[in-house]
Each structure stands twice: as C-alpha cells, then as structure tokens.
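Trainee: Please find one structure pasted underneath; my questions will follow.
The values are calculated or read from the model by the stated rules, or taken from the named source; none is laboratory data. Please read these numbers as outputs of a predicted model, since none were measured by experiment. Here Cβ is always computed from backbone atoms with ideal geometry, including for glycine, and neighbour counts include all displayed protein chains. Note: areas computed on protein heavy atoms with side chains; ligands, DNA, RNA excluded. Shrake-Rupley method; radii C 1.70, N 1.55, O 1.52, S 1.80 Å.
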Amino acid sequence: MDEPGYQDTRTLGPLAASEQRVAARKKLRRKRLTRTIVVAVVAVIAIIAVVVGTWVGGIARTFDQKTVKLENVFPSGNRPAAAGGGARNILLLGSDTRGSLADLNNAAATNQRADTIMLVHVPADGKGVYAMSIMRDSWVDIPGAGQGKINSAMAIGGIQLLVQTLEGMLGTRIDNVAALDFAGFEKLTDAIGGVPVNVPKDFTAIDGLQFKAGNQVLDGAHALAFVRERHAFANGDYQRVKDQQMYLKSLMNKMLSPSVLGNPGMISDAVTQFSPYLGVDRTFTSGDVMGLAWKLRNVRGGDVQMFTLPNAGTSFSSDGQSIVVVDDQAVADVGKALREDTMAQYVAGLPGGQ
C-alpha cells in the first residue's frame, strides 16, 4: 500500500503516455544511457539478507548466472592495503558505455565515462553503510595521464584506471566494483511497486516528464528521469547528486519495508529483474554478497549515511574546462577515515552531521 499523502505517478492520468511517446522516451534514454546512477546495488545486498533461508539457492543462482562479470577491474602492482577487520569498500558507478555492460571489459575503450561515482564503505561491525558521492568533474591526478576530470579516467583506461585513480587519491583499497545499466534500475523500481520520494521543486525533465514538488510514488520511468536530471536546475550536478542520494535512501526503505520483506515472490522477482543489468567483478559472487548481507542484516534505511566528498567549489582548468576543485584536506580526512574504519566519526563531524 502506498504511503498516505503521496501522489502515484503509476496511475496519474495526465502523465499516462501514448505508445508513441513511450517509444520516443525509450529511444532518448538509450542514447543518453547511464548518465548517472542510483546505486541500487546496496539495496539488493540488503534484500539478499532476508533470503538466507530454504529458498536462497535459487536467488543465488540467478545472481551468479545473470550478472555481467567485469574483468580486469583492479590495477596491478603495488596497491594500498585493505581496510582492517573486515571493513569493505565498494565502488559503484554508472558509465556511458554507449553499448552494453560487457563493453566495460574493454580496458582501452574510449567511449566510456563514469558520470556518477559512489564509494560505499561497510564498516567491520556492520552497523551502518556510508555512501560517498564523488563529483564527476572533480579535477584529479590520473596515473599516466596527468590531470583531468575523474570521470574521464574510464575513457582513458577503463575501470582499472578509475580504480587506480581513486585508490591513489584516498590511500585505501577498493575491494569490489559494481556497475549498473539504467534499464535494470527501472525494472527494479517497478518490481517493488514504485518508490515514494519528496520532490523538492517543480521541474520538467529533459525527456518531457513533469514533476510537481511534494510527496510522490515514482514508477521506474519517473524515478529514472528524477535521478538523471540536471539541466532543469541552476546548480546542475550538485542537485542531481542530492536527488540520487534521496532516492537511494527511499529505495532502501521501500525494499526493507514489510510489504517487500514479507513477499518472497516480490523479492525473487526484484533480483531476477535486476541481475541482468548489473555488472560485478568476479570476486563479487552470490556467496560473497550473502556474507556481506548477513553482516548488514540489522541495517535499515536510517543506518545508511550518504554524503558528497567535500570540495572547494567550481573553477576552470588551464585549458578552459569547467571543473570541481578538489579539497585536498577533505580527501586526506576521508581517506584516513576509510583506512581506519572510522567513517561514523567522520560523518558525524560533517556540517549537519552528514
């Protein structure tokens, strides 16, 4: 049942598109595929925690058989040490593959862009999840390529170079990598019957969908437009990151609600619908995910802390590119918190507590 006070876009007459309009939107989304990401992977991990029971075998097989396996995602040579005590760092990304998730396995591909980047930290005690967004235009040192926007690292050297860039910045190891095709995000949202959000302001998305400020239950198409939109806002990517974080928390809360947790068929359908659109490194198997999920079995939406890596604002590079200036002290501080598994204290010290 939808929450009181929410307008349901799934049954909203004025937003009901004709078949021609739906086809046009799908064509546009294919052209602009994976401009951004809502990291539904975290929510999927939480869902798998509740299927550690007699019927978990089928879910595990679905995950292992249908997810795309990402190859060669970790750099060779000397890498930072892993966080101690069983803490985990997971890189979650959306990339402009201009193709399929399998294309991400081409380390030398030049059409790939990491337009949205999140680093998720799971502490050793499993008492929370910390998801840090990194602005895609952050101006950083890219190994072997000099300075550039962090989202260009994949265009230069694939996922492996992006991992190397982040590990060099933060001084800590990335343990797993996952990538999402937005078609899967839509299907996951629809599989759980929509997700409620409080839209902060009226806007029209680039694909023509209209949003009114206030509480709404979004279906997959509207949710996708909501988290991808940046052109409608004066602060562009900054607002988009905020919307992504808001939506992820709402998605987590919906997935962990009794209406979903108490419905084995819905859980199975969600994993089945989502898995083909998820790419994971080969160590991120169903067994590994279930172990992580068991650690997070008591985590709920309120235990997921989301924030953006603090930066020094916007500027221009020497060659005229609009960039986000990295705050070196902030990078040093969060890197230390990741290495020492003290993210709870770090987040508590941020403005507003997170």
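Trainee: At a 1.4 Å probe, what is the % contribution of carbon and sulfur to the accessible area of the stretch 140-227?
Mentor: 42
Trainee: Under the Karplus relation 6.51 cos²θ - 1.76 cosθ + 1.60, θ = phi - 60°, what is the ordered set of whole-Hz ³J(HN,Hα) values for the stretch 287-292, x standing for Gly and Pro?
Mentor: Result, rounded to whole Hz: x, 5, 5, 5, x, 5.
Trainee: Another one. Taking the Cα atoms of the stretch 141-199 alone, what are Rg (to one decimal) and Dmax (as a whole number) in Å?
Mentor: 16.3, 46
Trainee: Mind ordering 157-165, 245-253, 210-218 by average Cβ neighbours within 10 Å, highest first?
Mentor: Numbers: 157-165: 23.8, 245-253: 22.2, 210-218: 18.0.
Result, highest mean first: 157-165, 245-253, 210-218.
Trainee: Where does the charge balance sit around Phe74 when Lys and Arg score +1, Asp and Glu -1, over other residues with C-beta under 12 Å from its C-beta?
Mentor: It works out to a net charge of -1.
Trainee: From the backbone phi of the stretch 186-194, what are the Karplus-calculated ³J(HN,Hα) couplings (6.51 cos²θ - 1.76 cosθ + 1.60, θ = phi - 60°) in whole Hz, Gly and Pro given as x?
Mentor: 4, 5, 5, 4, 5, 5, 9, x, x
Trainee: Also, quick follow-up: All other residues with a Cβ under 14 Å from the Cβ of Gln147 taken together, and with Lys, Arg as +1 and Asp, Glu as -1, what is their net charge?
Mentor: -3
Trainee: Hey, another quick one. Show the residues, 5+ positions off or on another chain, whose built amide H is closer than 5 Å to the amide H of Met306.
Mentor: Amide H to amide H, under 5 Å and 5 or more residues apart or across chains, Met306 pairs with Ala131.
Trainee: Another question, then. Take the alpha-carbon centre of the stretch 278-321, take the same for the stretch 165-191, and report the distance between them in whole Å.
Mentor: 6
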